[in-house]
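Worksheet: one structure, shown below.
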Amino acid sequence: MPPNKLFIDGRWEDSACNRFVDVVNPATGELVTAVPDADACDVDRAVAAARASFEKKTWRGMDPSKRERILWNIGDLLMKHREELAALITRENGKTLRESVGADVAPAADCFRYYAGWVRKIYGETIPVDGPFLNYTLREPVGVVGAIVPWNFPLQIAAWKVAPALACGCSVVLKPSELTPLNALRLAEIAMEAGLPEGVLNVVTGYGATTGEALALHQDVDKISFTGSIATARKLLQSSAVSNLKRLSLELGGKSPNIVFPDADMDAAIKASLWGIFGGKGEVCSAASRLLVHQDAHDRFLEELAARARKLRVGNPLDAATQMGSQISARQMDRILDYIESGKREGARLVTGGERDTQGDNAKGYFVKPTIFSEVKPEMRIAREEIFGPVVSAIRFGDADEAVRIANGTVYGLAAAVWTRDVRLAHRMAGELKAGSVWINSYNSFDSGSPFGGYKQSGFGRDLGSYALDQYTNVKSVWVAL
Ligand code: NAD
């Protein structure tokens, strides 16, 4: 990929402004390259290219079977280039190579293949109405979609937006995080190679306050699909309000409760709790960041979890033996360390970790030791706020009612998990937990066919599955007088 370029209308294009964002490898502090900090003029060009492709029907007018094949091809090409893409993601993000393949490239490829299967199955209905009429519905693409995505699963989440939008016939302007722009640029190039016409997928790079805001305020963007923080979501709602009332879907953060009852399969629960918080170095929206353990199992559960956490290999994410890589940036590391200090100040007990990892070469990057707090009270900051790092807050509970009260006691509602062998208790908990996903005896299970999104301030609208199609289509009711 050429440096300092945007991907607009099927070509590498210079930015009109002369400002750039450095892309830094967080595991080493080394400069990888730079990308433009696209301003409103650049975003205008990208939106115009998307609009032109939409109006010319170069994509949405193509035979559905051809569009299906192209989306499938994108999935195939992502897998063909998985090692290259994974290396790119690891260098931008600091997660391990295994995670970049398994939790970014592979699910992104699957997502394109899943939505390839939808292209020929998106249709309306005929409706029996009173009077001499034929009434039917059409499901039409919403138009130009702005996809604004975060840095933690940059390719996977981009696919969650781009694949269903394309399946519905929309044209897209993708705005990756300023921290992880390279995989998005490569995705656009791969989509062209797969046969996607020019202008249908454009990528603008840059900061949220410049590029993101220009997209959010644009009068000719019909919809923004967003994954990121609550603070940015508030701005997007305002941008929509003061521009063209573009529709929004918002996937925001979480403070997900992982609830362990004493009859659970303890070994499975401990393993899942470990990876639920330390996988992706805790920078995971659905991270198992609140561990609620029944008082009868609490002490031995925490002891075993801590023993395994101490053994995790933290370090160079390109090394196959590494289990936890670097945090995304110095800023994110400082934020995590600040939360750790607040946990100590508020009286939680630090069981393990609790500091930066500076062993050997780790000193050059932004590594944090896997951290466990116990004796956490629900009112503490580390129990209420999203840390977005490898820090778990363990809370003791006495019975199911108390567990539900604690679990539902935050502004978030993204995900929750319950560990028990009691099938009645499991289903009761699934019904009472206010969360978009509930995992019973598992954690972080995902499938392209199953919807993902939040309750409460974790957002609205759903990615994945058939539900995502509603985000990218308008329904038109057609009346024919007979
Ligand atoms: P962020 O909100 O800062 O950034 C997300 C994206 O929005 C980036 O591309 C950024 O450049 C852009 N942006 C920032 N300000 C903007 C503005 N004013 N207008 C338009 N765009 C703007 O979030 P982040 O730091 O990249 O990601 C971490 C957050 O995302 C966490 O809170 C995490 O929980 C959340 N997240 C949620 C999910 C989910 O599926 N619910 C998934 C991943 C991350």
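The values are calculated or read from the model by the stated rules, or taken from the named source; none is laboratory data. Source: prediction; values computed, not measured. Reconstructed Cβ throughout: ideal geometry from the backbone, glycine too, with neighbour counts over all protein chains shown. Heavy atoms of the whole protein, side chains included, go into the accessibility calculation; ligands, DNA and RNA do not. Shrake-Rupley method; radii C 1.70, N 1.55, O 1.52, S 1.80 Å.
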Probe 1.4 Å, heavy atoms of protein chains only: per residue, the accessible area of segment 287-374 in Å² is 46 Å²
Tell me, what % of the accessible area of the chain is carbon and sulfur with a 1.4 angstrom probe?
50 percent
Looking at segment 257-447, send over the antiparallel percent of its DSSP beta bridges, to the nearest 5.
15 percent
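Give the residue list of trypsin sites (Lys or Arg not before Pro) in segment 307-336 that are DSSP loop and have at most 11 other beta-carbon atoms within 10 angstrom.
Answer in residue order: Arg313.
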Loop-resident GluC sites (Glu not before Pro) in segment 287-361 with no more than 16 other Cβ atoms inside 10 Å, DSSP not H/G/I/E/B, are Glu346, Glu355
Which lysines, if any, have their Cα less than 17 Å from the Cα of Lys434, not counting same-chain residues under 8 positions apart?
Lys255, Lys456
Rounded to the nearest Å, what's the spacing between the alpha carbon centres of segment 423-476 and segment 350-377? Just the number, please.
32 Å
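Taking the Cα centre of the chain as origin, sum charge times position over the Cβ atoms of Lys and Arg (+1) and Asp and Glu (-1), and report the length of that vector in debye to the nearest 20.
In debye, rounded to 20, the chain gives about 340.
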What length, rounded to one decimal in nm, is gained on full extension from Leu138 through to Asp296, with 0.36 nm per residue of separation minus their alpha-carbon distance?
51.2 nm
Among Lys175/Lys246; Lys95/Lys235; Lys95/Lys369, the pairs whose Cα-Cα distance exceeds 18 Å are Lys95/Lys235
How large is the accessible surface of Met62 in square angstrom, using a 1.4 angstrom probe and rounding to the nearest 10?
40 Å²
Cleavage-rule hits, trypsin sites (Lys or Arg not before Pro), segment 421-482, DSSP coil, Cβ neighbours within 10 Å at most 12:
Arg421
Ignoring ligands and nucleic acids, what accessible area does Cys285 show with a 1.4 Å probe (Å², nearest 10)?
20 Å²
Could you tell me the distance between the Cα centroids of segment 276-335 and segment 90-157, to the nearest Å?
30 Å
Grab the DSSP H runs of the chain that are 4 residues or longer, score each as -39,500 (n - 2.57), total them, divide by all residues and round the 222 nm result to the nearest 500 deg cm²/dmol.
-10500 deg cm²/dmol
